[in-house]
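Below: the structure, in structure tokens.
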Amino acid sequence: MKNLRIVVADDHEIVRYGLIAIIEAHPGWEVCGEATNGRIAVDQVKELEPDIAILDIGMPIINGIEATRRILENNASVKVLILTMADGDRVVRDAFEAGARGFLLKSDASRDLAVAIQALQFSNTFFTARASEIVLAGYLEFVKSVKSGESVPGLSPREREVVQLVAEGKSTKETAMLLGISCKTAETHRSNIMRKLKIHSVGELVLFAVRNGIIQIFANEPGSRPGKQVA
């Protein structure tokens, strides 16, 4: 079984080395690249094609949010874990919309980094407790809008399968192979889903999948084991 390949990007050397030490202490994980700013991170991910990219949100030249967008434009199968000092509403929403699959406070990295990487490794997501609250708030708004008559177009069973695979980070080629359909058909399903749901990015699709129970998230909640599964 091949190693899980990870790129680590943080402009603070001591933080970067600490993250690398945690990763390389885990059997089967390897750091295939490291970067000190967002531009280098984007270039390294494009060149090295890792499974996971860990990005500091406050990097110079290109910040972690913009780097996430550019990385996923080049390769939608890479799973991005955002590191930040604080998880305010705006930062969390920006990370989701950019397509990040995980959101971890730097203060919690020594405790929760391995759990977050494991969640992404198995096509789940990992959020801090505050980020999970924001997702829940969005879900409650969604329920409220449905009850008030603002319905969301229904998806066929096949479309729900496509939503799950795309939300799990699968490429069009991988989706087609797993469902036994052509790449053109998979792309058509994806386009139809985006049109039906009136969404325009993979990040929005992930949020839809979370809110509708198509995929699950992992969150670290006070008083619980790290990595508790939240429906």
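Descriptive notes on the structure:
- Computed lengthening from N75 to M177, 0.36 nm per intervening residue step minus Cα-Cα distance: 35.0 nm
- The mean sequence distance of close C-alpha pairs (under 8 Å, at least 6 residues apart), as a share of the length of region 4-135, puts its relative contact order at 21 percent.
- Formal net charge of residues neighbouring L165 (Cβ-Cβ distance under 13 Å; K, R +1; D, E -1): 0
- Stretch gain in nm, segment T185-K2, where the contour uses 0.36 nm per residue and the Cα spacing is subtracted: 62.9 nm
- If you take all other residues with their beta carbon under 14 Å from the beta carbon of I22, and give Lys and Arg +1 and Asp and Glu -1, the sum is -3.
- Around the amide H of W29, modelled in the peptide plane, lie the amide H atoms of L4, all under 5 Å away and 5 or more residues distant in sequence or on another chain.
- In summary, region 24-94 shows an alpha-carbon radius of gyration equal to 1.09 times the 2.2 N^0.38 Å reference for compact globular proteins.
- A simple spin-label model places the labels of D89 and F122 3.4 nm from each other, with each point 7 Å out along Cα-to-Cβ.
- Neighbourhood net charge (9 Å Cβ-Cβ; Lys/Arg +1, Asp/Glu -1) for N75: -1
Read-outs throughout are calculated quantities, based only on the coordinates presented, and are distinct from any laboratory measurement. Just so it is clear, the structure is predicted and the values come from calculations on it, not from any experiment. Cβ sites come from the backbone with ideal geometry, for glycine too, and all protein chains shown count toward neighbours.
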